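Peer 1: My structure is below; once you've seen it, I'll send some questions.
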Amino acid sequence: MCKQGVLRYGSDLDADLKNNVYRQEKERRKYFAEVAMEYQIGDPIPHIEFTEEEVKTWGTVYRELNKLYPTHACREYLKNLPLLSKYCGYREDNIPQLEDVSRFLRERTGFTIRPVAGYLSPRDFLAGLAFRVFHCTQYVRHSTDPLYTPEPDTCHELLGHVPLLAEPSFAQFSQEIGLVSLGASDEEVQKLATCYFFTVEFGLCKQDGKLKVYGAGLLSSISELKHSLSGKANVRSFDPMVTCNQECIITTFQDVYFVSQSFEEAKEKMREFAKTIKRPFGLKYNPYTQSVDILKDTKSITKVVNDLRHELDIVSDALNKMNKQLGV
């Protein structure tokens with residue numbers, strides 16, 4: 001997927017980085033791109049020897065963000081970050097390896113990591129989510145500006161996305177956006193990508209009556225994380241029908257941020273939004289085969305109903321046993 005779908009990397013980034021990419025960094029980008037392009041599904045993700053400068057940049061980002069997380073990040077993020085320190089080597093002086101992170105996520109939520117050379121098209125990226133595959137870059141933002149990056153780097157992926165991909169409810173939310181994109185028109189995919197951008201990337205939520213951050217773009221940007229909860233940011237309630245038309249900005253702070261009461265509320269709103277997308281079939285992810293089942297006839301739908309009936313029988317039996325133990 002990433003071999004055909006990469007939109008830009010290497011020399012194509014000169015304009016975006018405002019000519020701040022030196023020859024040495026270009027070579028480094030080329031190396032990371034080659035690692036991603038040569039990767040085969042099922043193989044271990046190659047171990048990366050990061051340079052001293054890259055580790056130092058990561059350390060600056062890691063240290064400064066960890067000062068903000070206790071007051072800015074949502075509780076699910078704060079719950080999972082220590083686990084990543086324990087099992088994946090998240091430290092100020094160490095950039096975690098994607099293979100370690102991928103194994104951790106697989107055990108937690110079924111998600112796996114796939115290295116990618118740069119931006120993917122919205123359709124390719126969302127399609128990966130549908131199969132619980134998250135595409136990750138491995139390069140590190142430029143050392144001259146560690147506070148903000150206009151493009152996803154390994155600090156963004158590892159500190160922004162991964163802690164919440166380790167949370168089952170959030171992982172499901174991400175996957176459901178991906179599933180809805182399969183078979184959708186280009187226009188509908190763009191709307192879904194915009195909703196993803198303003199939730200998974202730049203979303204806010206309410207917890208204990210206070211605004212908290214769950215968007216990866218905010219959780220990996222020191223300056224914008226501060227701005228989003230400063231009281232100066234424009235914050236609106238998340239409504240997919242409205243949000244899908246909002247302009248996405250990647251070169252500076254967002255003009256507006258959208259807040260949900262919880263992941264579950266955002267998920268339910270996206271499910272209602274998904275019903276407006278026209279497709280001649282339904283889709284269901286099969287965790288046993290790690291594939292997507294197409295529901296387009298009586299036979300396929302009957303199978304899903306039978307599976308659900310079996311699951312409900314298991315739940316009913318468990319409730320009966322629990323009631324007996326409680327003497328109800």
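Peer 1: Could you tell me how many degrees, from 0 to 90 and to the nearest 10, lie between the Cα long axis of helix 52-72 and the main elongation axis, the longest principal axis, of the Cα atoms of the chain?
Peer 2: Value to nearest ten degrees: 50.
Peer 1: Say the dipole of the chain comes from +1 at the beta carbon of Lys and Arg and -1 at that of Asp and Glu; which of G327, F50, T194 then lies farthest toward its positive end?
Peer 2: So the residue we want is G327.
Peer 1: Where does region 171-224 land on Rg(C-alpha)/(2.2 N^0.38 Å)?
Peer 2: It is 1.31.
Peer 1: May I pose another question? For R106 and L326, compute 0.36 nm times the residue count separating them, minus their Cα-Cα distance, and round to one decimal in nm.
Peer 2: Contour length minus the Cα-Cα distance gives 75.6 nm.
Peer 1: Please compute the volume of the convex hull spanned by the alpha-carbon atoms of the chain and report it per residue in Å³.
Peer 2: So the per-residue Cα hull volume is 159 Å³.
Peer 1: Within 12 Å, Cβ to Cβ, of A193, how many net charges do the neighbouring residues add up to if Lys/Arg are +1 and Asp/Glu are -1?
Peer 2: Local charge sum for A193: -3.
Peer 1: Could you derive backbone 3J(HN,Hα) for region 259-265 from the dihedral phi with the Karplus parameters 6.51, -1.76 and 1.60 (θ = phi - 60°), listing whole Hz in sequence and x where the residue is Gly or Pro?
Peer 2: Values, residue by residue: 10, 10, 6, 6, 4, 4, 5 Hz.
Peer 1: Same structure, new question: Just the projected area, averaged over all directions, of the convex hull on the alpha carbon atoms of region 173-310: how many nm²?
Peer 2: With every direction weighted equally, the projected area is 10.2 nm².
Peer 1: Counting other Cβ atoms within 10 Å, which GluC sites (Glu not before Pro) in region 236-274 have at most 15 and lie in a DSSP loop?
Peer 2: Qualifying residues, ordered by number: E247.
Peer 1: Another question about this same structure. Report the antiparallel proportion of the DSSP beta bridges in the chain as a percent, rounded to a multiple of 5.
Peer 2: Restricted to the chain, the bridges split so that about 55 percent are antiparallel.
Peer 1: Report ³J(HN,Hα) in whole Hz for each residue of region 246-253, in order, from the Karplus equation J = 6.51 cos²θ - 1.76 cosθ + 1.60 where θ = phi - 60°; Gly and Pro get x.
Peer 2: Using θ = phi - 60°, the values come out as 6, 6, 8, 10, 10, 9, 7, 5 Hz.
Peer 1: Hey, what's the per residue convex hull volume over the C-alpha atoms of region 109-188, in cubic angstrom?
Peer 2: Convex hull of Cα atoms, per residue: 93 Å³.
Peer 1: May I pose another question? Holding the Cα-Cα limit at 30 Å, pick out from K191/K212; K267/K296; K212/K296 the pairs that are longer than that.
Peer 2: Violating the 30 Å limit, Cα to Cα: K212/K296.
Peer 1: Treating the beta-carbon of each Lys and Arg as +1 and of each Asp and Glu as -1, no other charges, what is the dipole magnitude of the chain about its Cα centre, to the nearest 20 debye?
Peer 2: The dipole magnitude comes to about 820 debye.
Peer 1: Can you tell me the equivalent ellipsoid semi-axes for region 42-198? Use √(5λ) from the Cα gyration tensor, largest first, whole Å.
Peer 2: The three semi-axes for region 42-198 are 25, 17, 16 Å.
None of the figures in this text is laboratory data; all of them are computed from the coordinates on show. A quick note: this is a predicted structure, and the numbers were derived from the prediction, not measured. Neighbour counts run over all protein chains shown; Cβ positions are idealised from the backbone, glycine included.
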